[in-house]
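Take a look at the structure set out below.
The values are calculated or read from the model by the stated rules, or taken from the named source; none is laboratory data. What you are looking at is a predicted structure, and each value in this text was computed from that prediction instead of being measured. Cβ sites come from the backbone with ideal geometry, for glycine too, and all protein chains shown count toward neighbours. The accessibility values were calculated without ligands, DNA or RNA, using every heavy atom of the protein model including side chains. Shrake-Rupley method; radii C 1.70, N 1.55, O 1.52, S 1.80 Å.
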Amino acid sequence: MKGRSLAGYRVDGKTVGEVVPEIEKRGLKVAYWIIEPNPRNLGGYTIDPHKQDILVGKDWTVWEAEESTRKPKLIRLLVTKEHLDWNPVYGDHPRDDVIKE
């Protein structure tokens, strides 16, 4: 979104390997939230705290980026190991229907 750390750069549907270099180029740090999508494609996801120490690979899919409110210059990427035909953050709605830039 305009005025944010990643303004002008869309992350949704890209791989970690594509997104992280852009984040680092902007002088930002990266953290991951490994999400578990709702299996019925209704949108929504869960975050299992016991699975957050899994090593995230460059081929994982990024669904959204959030700026940390507690740590300046930290971008949290919402990721899944598998690539899906739909964005689990927004469900059956395209991201552009939810986020207006």
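Mind listing just one residue for me: the one in the range 51-70 that is over 16 Å from Asp12 (Cα atoms) and of a type in the set (Ser, Thr, Tyr) and, of those, least open to solvent (accessible area, probe 1.4 Å)? Checked the range 51-70; the qualifying residue least open to solvent (accessible area, probe 1.4 Å) is Ser68. Would the range 66-73 turn up any residue that is assigned to a strand (DSSP E or B) and among the acidic types (Asp, Glu)? Within the range 66-73, one or more residues are assigned to a strand (DSSP E or B) and among the acidic types (Asp, Glu).
Quick check: anything in the range 21-32 open to solvent by less than 70 Å² (accessible area, probe 1.4 Å) and part of a loop (DSSP other than H, G, I, E, B)? Taking every residue of the range 21-32 in turn, at least one turns out to be open to solvent by less than 70 Å² (accessible area, probe 1.4 Å) and part of a loop (DSSP other than H, G, I, E, B). Just for the range 1-20: of the residues that are within 21 Å of Arg70 (Cα to Cα) and either of a type in the set (Phe, Trp, Tyr) or modelled with pLDDT under 90 (or both), which one is most open to solvent (accessible area, probe 1.4 Å)? So, considering only residues that are within 21 Å of Arg70 (Cα to Cα) and either of a type in the set (Phe, Trp, Tyr) or modelled with pLDDT under 90 (or both), the one most open to solvent (accessible area, probe 1.4 Å) is Lys2. Count of the range 24-44 residues, restricted to those that are under 17 Å from Tyr9 (Cβ atoms), without any contact (Cβ under 8 Å) to a residue 40 or more places away in the chain and among the basic types (Lys, Arg), is 2. Pairs meeting the criteria (first residue in the range 45-71 and under 20 Å from Leu6 (Cβ atoms), second residue of a type in the set (S, T, N, Q) and open to solvent by less than 100 Å² (accessible area, probe 1.4 Å), beta carbons under 6 Å, at least 6 apart or on different chains) are Thr61/Thr80; Trp63/Asn87; Glu67/Ser5.
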